[in-house]
1. Starting with the highest mean, order 119-125, 65-71 by the number of other Cβ atoms within 10 Å, averaged over the residues of each peptide.
2. Restricted to Cα positions, what overall size does segment 44-144 have along the principal axes? Three whole-Å values, descending.
3. Mean 1/r over all different Cα pairs, inverted: what Kirkwood radius does segment 125-191 give, in Å?
4. Sort 160, 87, 34, 168 by Cβ crowding within 10 Å, fewest neighbours at the top.
5. Direction-averaged shadow area of the convex hull around the Cα atoms of segment 45-91, nm²?
6. Rounded to the nearest 0.05, what FRET efficiency do residue 103 and residue 156 have when you use their Cβ-Cβ distance and R0 = 25 Å?
7. Using a Förster radius of 41 Å, what is the FRET efficiency between residue 52 and residue 127 based on their Cβ-Cβ separation? Nearest 0.05, please.
8. With each label point set 7 Å from Cα along the Cα-Cβ vector, what nm distance links residue 41 and residue 188?
């Protein structure tokens, strides 16, 4: 064989191998791009799903917070109503000044004549606001009702016995303590 034939065969072999290599290189390049795109799409989908999950969680937290805020506003409104009504009741129980030298003992005598009205008013108050009240004001008001109920039968005429008079003082102190407790509770909520 001549040199030119050997070179021709060599060139043909190299051309064939070179063309195959180019085809293999082109196919691997294309396949690499397809895999890279698929991986990117998979990652995008995963991040998108995680982002939606985070958004959903934040939305749920936001809704939960709104519900808690509404409940808190409702409870505050009811506590404010109860405190305001009790303040008015306590003032209503006080008798008007009947003479310039009227003292607390005389006021207690006049209040004692209204035990039945006081019992009814406090019972209505507890029926209306009992669900929103803490144990402390409920106990104070229940104690006031019990004292008035117990001593209402002591009043048989215009004269008020000392036991009924001192019961009025205890009742009034219970009412003032309940009023102070409820008012403080409302004021503490307005500062937060």
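1. Numbers: 119-125: 16.7, 65-71: 10.0.
Listed from highest to lowest mean packing, they are 119-125, 65-71.
2. 87, 25, 17
3. On the way: mean 1/r = 0.0759 Å⁻¹.
Evaluated on segment 125-191, it is 13.2 Å.
4. Numbers: 160 22, 87 14, 34 10, 168 27.
Listing 160, 87, 34, 168 from fewest to most nearby Cβ atoms yields 34, 87, 160, 168.
5. On the way: hull surface 10.5 nm².
Convex hull of Cα atoms, orientation-averaged projection: 2.6 nm².
6. Numbers: r = 23 Å, r/R0 = 0.93.
E(calc), rounded to 0.05, equals 0.60.
7. The calculated FRET efficiency here is 0.25.
8. Taking the two extended label points, one gets 6.1 nm.
No value in this document is a laboratory result; all are computed from the given coordinates. Computed from a prediction, not measured in an experiment: that's the story for all the values here. We place every Cβ from the backbone using ideal geometry, glycine too, and count neighbours over all the protein chains shown.
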